[in-house]
Amino acid sequence: MNVLVTGCNGQLGRSLRNILENNADIQCTFVGKEQLDITDRTAVEAFLKASDFTHIINCAAYTDVNGAEENKKLCRDVNIEAVSNLARLAEELDYKILHISTDYVFNGRTWTPYKESDKPEPLSVYGDTKRKGETALLGLAPKSIIIRTGWLYSPYGHNFVKTILQLAKDGKPLKVVADQIGTPTYAADLAGAIVTILNSGNWREGIYNYSNEGTASWYDFAVAVLEEAGMPEKAAEIIPVTSADFPTPAARPPFSVLDKHCIKATYGIKIPHWHEALRRCLANF
């Protein structure tokens, strides 16, 4: 197996690298935008045709949800056009693609966990481009796998956990939204699920959901971060607010919990609870 991992400097890309670099059964090439601009169709064609990959894991994405409202072209280029570039070549060269998408393809107005078959209705430019990227991929390379996830965090890059820890250490008052419900997802656990799929020999194309188990609001998550980090007094000072109290350029789904029955049944994946996963993540800080 010869695997190309794009977006290797992001949270998921770095988590995959931790697992795959020393895996004797999987040969891997890790690229960021410095090594391969996947928005450049000509560059993608030259790179892929000069290699002998069997699989592509596309972790690259424009993920600044608020920034996407202004940087629409860049967001479309990365989340739609780049995916199309990879898909066209993968179909031509018979490479399999595993692509990462988001819970933000849903509007969050259905208060039951979202199944893969539920109708997408994104509220933001980011969510819209990720949905269109899914559609482009399955249209051009129908044997692909898409994994929708959400609320990703890790010891790497910019994420909610690191922001909360830094603000608490700076002594700044914390107000955190309490009326948006989802599931925090540890990037290392998602990376492990991806490797399980690669190693299974059971490639079942289509869309799958993956997050850690359980549900939380952003407020719940922030409190848990500080309590697990040994700052219970700071956790007690967090003020819960509503989305209306904390307006942002991009609308977020109020409920984006994902139903994970399909990935568990297909690949036998056991998924840890988000609180236990957070504990493991903080131990690696």
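Note on K73: aspartates and glutamates with a C-alpha under 12 Å away, same-chain residues under 8 apart excluded, are E81.
Relative to the current alpha-carbon distance between I26 and V241, full extension at 0.36 nm per residue lengthens the span by 72.8 nm. Considering only G171, V83, F30, and ranking their Cα positions along the charge dipole of the chain that arises from unit charges at the beta-carbon of Lys, Arg, Asp and Glu, the one farthest toward the positive end is V83. When you restrict to C-alpha pairs under 8 Å that are six or more residues apart and normalise by the size of the stretch 139-222, the relative contact order lands at 47 percent.
List the lysines whose Cα sits under 30 Å from the Cα of K264, skipping any in the same chain fewer than 8 residues away. Qualifying lysines at Cα under 30 Å: K96, K115, K119, K130, K132, K143, K162. Between L48, L190, L86, the GNM of the chain built on Cα springs shorter than 10 angstrom shows L48 fluctuating the most.
The three principal axes of the C-alpha atoms in the stretch 132-200 carry coordinate ranges of 50, 27, 19 Å, sorted with the longest axis first. Only one item in (i) 148; (ii) 164; (iii) 123 matches volume of the Cα convex hull per residue in Å³ derived from the coordinates shown, and that item is (iii).
Result for the chain in a Gaussian network model with C-alpha springs under 10 Å: among G230, G13, G192, the largest mean-square fluctuation is at G230. Restriction of the chymotrypsin sites (Phe, Trp or Tyr not before Pro) in the stretch 75-111 to DSSP coil positions whose beta-carbon has at most 16 other beta-carbons within 10 angstrom yields W111.
Counting heavy atoms of the protein chains alone, M231 has an accessible area of about 30 Å² for a 1.4 Å probe. Put the Cα centre of the stretch 69-115 next to the Cα centre of the stretch 240-266 and the gap is 17 Å. When +1 charges are put on Lys and Arg Cβ atoms and -1 charges on Asp and Glu Cβ atoms, the dipole computed for the stretch 9-104 relative to its Cα centre reaches about 60 debye. So, counting K/R as plus one and D/E as minus one, what does the shell of residues with Cβ under 10 Å around P240 add up to? Net charge in that neighbourhood comes out at -2. The Cα-based radius of gyration and maximum Cα-Cα distance (Dmax) for the stretch 1-148 are 15.2, 48 Å.
For the chain, averaging the sequence separation of C-alpha pairs within contact (under 8 Å, six or more residues apart) and dividing by the residue count gives a relative contact order of 20 percent. Using a cutoff of 8 angstrom between alpha carbon atoms and counting only pairs six or more residues apart, the relative contact order for the stretch 155-285 works out to 40 percent. With all protein chains kept in place, the per residue accessible area of the chain amounts to 45 square angstrom at a probe of 1.4 angstrom. Among E21, E69, E34, the residue with the largest mean-square fluctuation in a Gaussian network model of the chain, with springs joining Cα atoms closer than 10 Å, is E34.
Take the convex hull of the alpha carbons in the stretch 99-238; its mean projected area over all directions comes to 9.6 nm². Diffusion of the stretch 170-244 by Stokes-Einstein, at 25 °C in a medium of 0.890 mPa s and with Rh set to the Kirkwood radius over alpha-carbon pairs, works out to 166 µm²/s.
Of the residues T112, T54, ranked by 1.4 Å probe accessible area with the largest first, the sequence reads T112, T54. Each of A236, M1, V225 was placed along the dipole of the chain (beta-carbon charges, centred on the mean Cα), and the one lying farthest toward the positive end is M1. Take each peptide in 249-262, 194-207, count the other Cβ atoms within 10 Å of every residue, and average; sorted highest first, the result is 249-262, 194-207.
Of the accessible area of the stretch 144-239, with the probe set at 1.4 angstrom, what percent is carbon plus sulfur? Looking at the stretch 144-239 in its full context, I get 50 percent from C and S.
The values are calculated or read from the model by the stated rules, or taken from the named source; none is laboratory data. Because the structure is a prediction, the values reported are computed rather than measured. Neighbour counts run over all protein chains shown; Cβ positions are idealised from the backbone, glycine included. Heavy atoms of the whole protein, side chains included, go into the accessibility calculation; ligands, DNA and RNA do not. Shrake-Rupley method; radii C 1.70, N 1.55, O 1.52, S 1.80 Å.
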